[in-house]
Amino acid sequence: MKRRDKLNIYYNKYERLLKIFSASVLLRGAIVVINLYTGILFGREMGEANRGLLFNLFLGALLLFNVALNFGYNGSAMYFAKKNPSKLHLYLTTNFIITLISVIFIILSLFFFSIYFKFQSDSLRIVFLLCYIAYSFSMIYRSFLIGMDENLFMQKVDFLTRSVYAIFILVSLYFHALTVLSVAIFLVLEYTVFTLIAHRKVKLKLWPLQWDYAFFKENILFNSKAYLAALLYIFLLKADQFIIKIFYGNFQVGVYGLGGTIIDNLFMITAIISTMYLPKILGNDNFTEVLHKSKKILGFILLSSIGIALLIFPASPYIMEIYYKKLNPEGTECLRILLLGFISLSVFIFNYQLYFSVRLKKSLLILLGISLVLNMVLNYLWLPKYGIIGSAWASSVSYTVLATLTMIDLYVIKRRNYERRILVQDEERQ
């Protein structure tokens, strides 16, 4: 068979997958460009301190609160969407009730522990609460869309809302009305609009709200390990910025957090590859074969991440200057160090999905716990002595250790254990 004929066969077989993949890449790429461009406009206008407050501390707190107070409930959305759609309404309304209860918890936290939750103004405090509600509801519907294989639809909505956001930033700059508060208010509206559009797409009735304790308990137990893993992972990624806030304030958070924001946007390649290819790999019941195919994809992810890092590394000084209208050697060094962590974390993100898919959550929890403790210890030792550069090294070292440990655990220890178990089973049959 000629090579062209083989290519045509493969193309016809995977034509729909290729179209979805290419469309997702284009949309996600456009969203990343919008995020970076609007981030530049905001950074140049508002400076490091305000940028650190909004994009790192404000948004970081939304994410941390949502993960901590959702109890991993969103983690079972895919299961209900595919395996038990009759309970989707109960799942949705229970999730809403959990969010409303978490809002009460946050209100009490902001009131009784106001010394630890400092805001520029009471207005921003109120907007944070509203933003948390809208963000949490949007995350509920995101989990539904993922479970219903509506990733492309979600990317289209994100592109639409982010485009409107870009227009809002440009208009605000033109009228000299850009502030942290105005952007925070827009985020409330953006998350609300996404929730409304997604609600129409999933076609589920919200009212009347239903509560079933047995159902709630079942899901908490089902998601307990996923919840703990997500909590450890989020703390691993975001806790360093809050530690920097305690030691050095918002300005240094803005300098350091710029590198983290850029790295977060670069993870789109790993996320898309995992979403598109993991389901096909996991169709095989042979764990050894799953690992063998996963290694090929990991190789592609690794090479892609190295290529991206090599492109950004020499441009780091210019990136800092573009964002803040001035050179910042310390920020440049942080970005370059975090690029090393980006390569390692790209590998881990794929392994993270694989752990959950093959039900090896206990091992993942142990490895995440080790990496988080390592990160905190290194931050405690290096941050006072080396500043934010020490924190960047602490993150990159802990990410690299985590990626290395998961590779050894999955592709050496777990593979050998599986092969040994299969061999024993074959001998028993004989």
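Computed from the coordinates by the stated procedures, all read-outs in this text should not be read as laboratory data. Predicted, not measured: the structure shown is a model, and the values here were computed from it. Neighbour counts run over all protein chains shown; Cβ positions are idealised from the backbone, glycine included.
Applying the Kirkwood pairwise sum to the alpha-carbon positions of region 22-211 produces a hydrodynamic radius of 17.8 angstrom. Label-to-label distance for residue 311 and residue 213 is 5.6 nm, based on points extended 7 Å past Cα in the beta-carbon direction. When the listed pairs 217/295; 205/238; 201/362; 245/361; 156/205 are checked against a 29 Å cut-off, the alpha-carbon distance exceeds it for 217/295; 205/238; 201/362; 245/361.
In terms of packing, defined here as the mean over residues of other Cβ atoms within 10 angstrom, the peptides 49-55, 212-218, 143-149 line up highest first as 49-55, 143-149, 212-218. Annotation: amide H-H contacts under 5 Å for residue 72 (H modelled 1.01 Å from N, sequence separation of 5 or more, or interchain): none.
Working note: Karplus 6.51/-1.76/1.60 with θ = phi - 60° gives region 169-178 the couplings 4, 5, 5, 4, 5, 4, 9, 6, 10, 7 Hz, where Gly and Pro are set to x.
The spread of Cα positions in region 158-227, taken along each principal axis and listed from longest to shortest, comes to 55, 28, 20 Å.
3J(HN,Hα) along region 369-383: x, 4, 5, 5, 4, 4, 4, 5, 5, 5, 4, 5, 7, 9, 4 Hz, from the Karplus curve 6.51 cos²θ - 1.76 cosθ + 1.60 with θ = phi - 60°, whole Hz, x for Gly and Pro.
Ordering 375-382, 389-396, 300-307 by mean Cβ neighbour count within 10 Å, with the highest value first, yields 389-396, 375-382, 300-307. Note on 397, 255: ascending count of other Cβ atoms within 10 Å places them as 397, 255, the fewest first.
Label positions at residue 264 and residue 25, each projected 7 Å from the Cα along the C-beta direction, are separated by 2.5 nm.
What the phi angles of region 293-308 give under the Karplus curve with 6.51, -1.76 and 1.60, with θ = phi - 60°, is a coupling list of 5, 5, 4, 5, 5, 4, x, 5, 4, 4, 5, 5, 5, 4, x, 5 Hz, glycine and proline written as x.
Rounded to the nearest 20, the size of the Cβ-charge dipole of region 22-211 about its Cα centre is 540 debye, with Lys and Arg at +1 and Asp and Glu at -1. Here the gap between residue 330 and residue 288, fully extended at 0.36 nm per residue and compared with their Cα-Cα distance, gives a gain of 10.6 nm. Simple spin-label estimate for residue 366 and residue 295 gives 2.3 nm between the two label positions (7 Å along the Cα-to-Cβ direction from each Cα). Given a Förster distance of 25 Å, report the FRET efficiency between residue 123 and residue 63 from their Cβ-Cβ distance, rounded to the nearest 0.05. Computed FRET efficiency for residue 123 and residue 63: 0.70. Could you give the length gained on full extension between residue 408 and residue 176, defined as 0.36 nm per residue of separation minus the Cα-Cα distance, in nm? This chain segment gains 78.1 nm when fully extended.
Taking 0.36 nm per residue of sequence separation and subtracting the Cα-Cα distance, how much length would be gained by fully extending the chain between residue 40 and residue 202, in nm to one decimal?
Taking residue 40 through residue 202 to full extension adds about 54.8 nm, to one decimal.
Listed from fewest to most Cβ neighbours within 10 Å, the set 131, 334 follows the order 131, 334. Between 38, 135, 145, the Cα set farthest toward the positive side of the dipole of region 22-211 (charges on each charged residue's Cβ, about the Cα centre) is that of 145.
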